[in-house]
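Report on one structure; see the data block that follows.
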Number of protein chains: 2
Amino acid sequence: MTAFQQETATDEEIAAEAALFTPFTDAVRALVDVTIRTEAEPQVVREAQAEIEAIVERLRARQMPGPYGVRFRPNGTRGRNWGNAVMGLRNPIAPPLDIRSDGEGRAWSDFRLGAAYEGPPGLVHGGVISLLLDQVLGHAVSTSGRPGMTGTLTIVYRQGTPLGDLRCEAWVDRRDGIKTWGKGRMLDADGAVTAEAEGIFILPRWARDLDSWQAAAEATEAG
Amino acid sequence: MTAFQQETATDEEIAAEAALFTPFTDAVRALVDVTIRTEAEPQVVREAQAEIEAIVERLRARQMPGPYGVRFRPNGTRGRNWGNAVMGLRNPIAPPLDIRSDGEGRAWSDFRLGAAYEGPPGLVHGGVISLLLDQVLGHAVSTSGRPGMTGTLTIVYRQGTPLGDLRCEAWVDRRDGIKTWGKGRMLDADGAVTAEAEGIFILPRWARDLDSWQAAAEATEAG
């Protein structure tokens, strides 16, 4: 695992970066959607491609050497996982999920999935369902005060999940030593349960001796 | 489930669309990566955003009313799932996986994952692992001649999966009536198994009476 990365930005700098990249990343998400759905003339597509390649070139002139990672705060407040594939503010692949939690082992998120998340015609890809449930279960576990990396994840698909407005819910079911069991489910716009999940989260060896589990919680949340 | 959509394009039209959208979608994938990693000045980011929004506007002037779906061929040859979240030629979220199979129940894919697929620092998101394994298991099952929607998917995580070059493998383990069991695994660049998967795929009721399972195989592959 990559070493823990400490946050070096001030609160003001972080707020400014969020204000800059939230609308930028949303614009790229819209581009992802229209890449799948456009019926524009070939010449229009080719011109757009040349413009996108030029934009990439300019943005790449100064970039991080690797992935975004997670920037931990020295004071124990929540770090930045802006590159995360499910929650990342700066990741256009992430819907992104805004996951809420009660801090006692329950987590939930309401969101909308479009064309980019399709598997069978008109339905959410079954693997996308497991991707999102993994994150929401991990969030429930990590915010309950007992972090863990996903050891086992089981998804039971009850029925097709239509693209559109959806909800994920998760909760801590039980604990035993270094293991925590989380459960969760996906609900469609009518509130019908389309899939159920169970995960076993294991506190990793390197985290068992830490003074605080805060950093471990954030590092393992998307395990 | 959305009704089956018949392919109306000719082979030549399909080849032309692939030639147009393969490099276009790759350009958008590069933009996704740099959205996460750029350290360009705020003014450069803001200008890029305005340009991207203008591109989206032009491409949206003519677009499909909904998601891409799957276009089935009347002659039983393979249909187009170009919007698929894992394999889709026109989906920038898809790495995309080029999945090979021996037609007898074995499937595999070699691919590379970058910053967009990150979970814990430097590692592939655990849910992304389940997303990809779901697709490769489904491909093994569907190309074995006995299609099915994923009923249950279980992933066991053995160790962290570093971002970079990876491989997924899957095979049909056994069958019983309408159920097919698939197994699979994720391997890192050194060939170490980082995760294992088992899926139970169930032939859906609507497909049990079809003359041919070809369309059913393609519709259910990403279930």
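The values are calculated or read from the model by the stated rules, or taken from the named source; none is laboratory data. Being a predicted model, the structure only gives us computed values, none of them experimental. Neighbour counts are summed over all protein chains in view; Cβ atoms, including those assigned to glycine, are modelled from backbone coordinates with ideal geometry. Side chains included, ligands, DNA and RNA excluded: accessible areas come from the protein's heavy atoms. Shrake-Rupley method; radii C 1.70, N 1.55, O 1.52, S 1.80 Å.
Taking a ≥ b ≥ c as the square roots of the Cα gyration tensor eigenvalues, with a/c under 1.5 meaning rounded and otherwise prolate when a/b beats b/c, else oblate, which class fits the range A:27-116? Oblate shape, in that a/c is at least 1.5 and b/c is the bigger or equal ratio. Mean residue ellipticity, 222 nm, helices only, chain A: the sum of -39500 (n - 2.57) across DSSP H runs of n ≥ 4, divided by residue count and rounded to 500, is -10500 deg cm²/dmol.
Please check: in the Gaussian network model of chain B (C-alpha springs, under 10 Å), which one of B:Ala207, B:Ala116, B:Ala48 has the largest mean-square fluctuation. Greatest mean-square fluctuation among the candidates belongs to B:Ala48. Considering Cα pairs under 8 angstrom that are at least six residues apart, work out the relative contact order of the range A:99-220 and quote it in whole percent. Relative contact order of the range A:99-220: 29 percent. Net charge in the neighbourhood of B:Glu169 (other residues with Cβ under 12 Å of its Cβ; Lys, Arg +1, Asp, Glu -1) is +2.
Taking the charge dipole of chain A about its Cα centre, with +1 at Lys and Arg Cβ atoms and -1 at Asp and Glu Cβ atoms, the residue from A:Pro147, A:Gly69, A:His125 reaching farthest to the positive side is A:Pro147. Taking a ≥ b ≥ c as the square roots of the eigenvalues of the Cα gyration tensor of chain B, is the shape rounded (a/c under 1.5), prolate (a/b larger than b/c) or oblate? In terms of gyration-tensor shape, oblate. Label point of B:Arg62 (7 Å along Cα→beta-carbon): distances to the other copies' equivalent points are 4.1 nm, sorted ascending.
Name the shape class, rounded, prolate or oblate, that the alpha-carbon gyration tensor gives for the range A:99-220, where a ≥ b ≥ c are the square roots of its eigenvalues, rounded holds for a/c under 1.5, and otherwise prolate holds if a/b is larger than b/c and oblate otherwise. Prolate, because a/c is 1.5 or more and a/b exceeds b/c.
Ranking B:Ala54, B:Ala18, B:Gln43 by how far each Cα lies toward the positive end of the dipole of the range B:1-96 (charges on Cβ) leaves B:Ala18 at the top. Per atom type, the range B:101-220 shows carbon and sulfur on 44% of its accessible surface, probed at 1.4 Å.
For chain B, the relative contact order works out to 18 percent when only alpha carbon pairs closer than 8 Å and six or more residues apart are counted.
Viscosity 1.002 mPa s, temperature 20 °C: give me the Stokes-Einstein translational D for the protein assembly as shown in µm²/s, with Rh taken as the Kirkwood radius over C-alpha pairs.
Stokes-Einstein gives a translational diffusion coefficient of 97 µm²/s.
Enter the mean number of other protein chain beta carbons within 10 Å of the beta carbon of each residue in A:91-99, as an integer. Kindly include the intermediate steps, with their values, before the conclusion.
Values: counts 9, 10, 15, 4, 0, 0, 0, 0, 0.
Going residue by residue through A:91-99 and averaging, the value is 4.
A straight line joining the Cα centroids of the range B:89-159 and the range A:29-62 runs 26 Å. Between A:Gly127, A:Gly105, A:Gly184, the Gaussian network model of chain A with springs among Cα atoms under 10 angstrom shows the greatest mean-square fluctuation at A:Gly127. Dipole magnitude for chain B: computed about the Cα centre from +1 point charges on Lys and Arg Cβ and -1 point charges on Asp and Glu Cβ, it is near 680 debye.
How high is the relative contact order of the range B:1-96, in percent, counting Cα pairs under 8 Å that sit 6 or more residues apart?
Computed value for the range B:1-96: 34 percent relative contact order.
How large is the charge dipole for the range B:1-106, taken about the Cα centre, if only the Cβ atoms of Lys, Arg (+1) and Asp, Glu (-1) carry charge, to the nearest 20 debye?
Working: 13 positive and 16 negative charges, 78 e Å.
Charge dipole of the range B:1-106: 380 debye, to the nearest 20.
If only the Cβ of Lys and Arg carry +1 and only the Cβ of Asp and Glu carry -1, the dipole of the protein assembly as shown around its Cα centre is close to 1020 debye.
Using a 1.4 Å probe, what is the accessible area per residue for chain A, in Å²?
Working: 8990 Å² over 223 residues.
Per-residue accessible area for chain A comes out at 40 Å².
Running a GNM on chain B with Cα contacts under 10 Å, which residue among B:Ala30, B:Ala140, B:Ala61 ends up with the highest mean-square fluctuation? With Cα springs under 10 Å in chain B, the top fluctuation among B:Ala30, B:Ala140, B:Ala61 is at B:Ala61. Charges on Cβ only, +1 for Lys and Arg, -1 for Asp and Glu, centred on the Cα centroid of the protein assembly as shown; of B:Phe111, B:Leu187, A:Thr180, which one is farthest towards the dipole's positive end? Of B:Phe111, B:Leu187, A:Thr180, it is A:Thr180.
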